[in-house]
1. Residues being in a loop (DSSP other than H, G, I, E, B) and free of Cβ contacts under 8 Å to residues at least 12 places away in the same chain: count how many of those fall in the range 264-296.
2. For the subset of the range 69-98 comprising residues that are of a type in the set (S, T, N, Q) and open to solvent by less than 50 Å² (accessible area, probe 1.4 Å), which member is modelled with the lowest pLDDT?
3. Could you count how many residues in the range 76-105 are over 23 Å from Leu237 (Cα atoms) and within 14 Å of the chain's Cα centre (by Cα)?
4. Quick one: in the range 1-37, which of the residues that are in a helix (DSSP H, G or I) and touching a Lys or Arg at 6+ places or on another chain (Cβ under 8 Å) is least open to solvent (accessible area, probe 1.4 Å)?
5. If I go through the range 65-96 residue by residue, how many of them are part of a loop (DSSP other than H, G, I, E, B), in contact with a strand residue (DSSP E or B) (Cβ under 9 Å, 6 or more places away or on another chain) and among the hydroxyl-bearing types (Ser, Thr, Tyr)?
6. Looking at Leu221, is it in contact (Cβ under 8 Å) with a residue 40 or more places away in the chain, out of contact with any Cys (no Cβ under 8 Å at 6 or more places or on another chain) and closer than 24 Å to Asp192 by Cβ?
7. Taking the conditions exactly as written (buried (at least 16 other Cβ atoms within 10 Å of the Cβ), modelled with pLDDT of 95 or more and part of a loop (DSSP other than H, G, I, E, B)), does Leu101 satisfy them or not?
Amino acid sequence: KKDEDRILLRHIFYTIFGWALFIVINLIQFFIFTPIMWLISIIFDKNRILFSYMIKFFSRIFFLLYFVERIKYYKNNLKAPKKGEKRIYVINHASQYDVILMYLLPGPIKFVFKEKWAKLPLIGWIATVSKNIILSEEMTAGEVVNIFRKATKFLEMGIPIIIYPEGTRSFDGKIGPFFHGTFRLAVESQADIVPVVFDSWNCIRPGGIWIRDVRPTIKILDTIKYSQYEHLNFAKLSHLVRTKMIEGLLELRDHRRRTEKNYYRKISKFEQIDNEMREKLKQLKEYSEKKKIFLKDEQKIDK
């Protein structure tokens, strides 16, 4: 195997320790705390908001006990949404690790996930009983409408929603094309969009189980208020947000190349992949110029 693909002794330790800890914590969470939270929710918490706080708590317990991990988190001074504030977190999907990292984001979150993941033991069951938003493989028009209604209801209650608009994990660390449904929801609900970039691809690579990297990095980009994008349709909004996220992820990786000695993306294979993404960013920006796709406060004035 090439050097970047080899499994080292530290990877074996990270993996055995990490997965064992994760399973034990989720067993405790599901069999002891989930029934208690469910009973409380019947009377006091019909939307099961307390479940989000429970999962956040156990996620932090995992990060605390998994002492080998060093998360870098650039919060951009973002706090939990205030009452009446609608917020959608838009995140690039890089790794299985993202399902834990996302609970570091502010607010009592709900997230959108595929039906097949709901069937996974423990984490799928917990996600389902927590009343997150499940997408079927083949949905009727009526089911899509119900999904939008449910998501809008959460947003109006001040509950942020997390969406991975690529629809799947990236197999090379690039940010792929976005499905437009995320941005249709944003436009119709008049929600603010918070783009977030995860540099976590090497933690657990797609299709694998090995934990190779214990230095995931999160960067929250500038919030995009509805008032800034209300002149855009959802397709143009999708293009704009993807452009900003690619730019943000490249800036984050370049910073890590300069400041981290053993950052894996210094390897030429990954340098090339990121350079391909730079070229894609250039194309996206040229398209934005051509079609005049800008936020209101970025709008360029033709002379």
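The values are calculated or read from the model by the stated rules, or taken from the named source; none is laboratory data. This is a predicted model, so every value here is computed, not measured. Cβ coordinates were reconstructed from backbone atoms using ideal geometry, including for glycine residues, and neighbour counts include every protein chain displayed. We work out accessible area using only protein heavy atoms, side chains counted, and drop any ligands, DNA or RNA first. Shrake-Rupley method; radii C 1.70, N 1.55, O 1.52, S 1.80 Å.
1. Qualifying residue count for the region: 1.
2. Among those that are of a type in the set (S, T, N, Q) and open to solvent by less than 50 Å² (accessible area, probe 1.4 Å), it is Ser95.
3. The qualifying residues number 9.
4. My answer is His11.
5. Selection size over the range 65-96: 1.
6. So Leu221 passes the test.
7. Taking the combined requirement at face value, the residue does not satisfy it.
Residues are listed down the side, and each one gets a yes or a no for (1) more than 17 Å from Met102 (Cβ to Cβ); (2) β-branched (Val, Ile, Thr); (3) open to solvent by less than 10 Å² (accessible area, probe 1.4 Å):
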position: Ile204; (1), (2), (3): no, yes, yes
position: Thr217; (1), (2), (3): no, yes, yes
position: Tyr229; (1), (2), (3): yes, no, yes
position: Arg242; (1), (2), (3): yes, no, no
position: Lys266; (1), (2), (3): yes, no, no
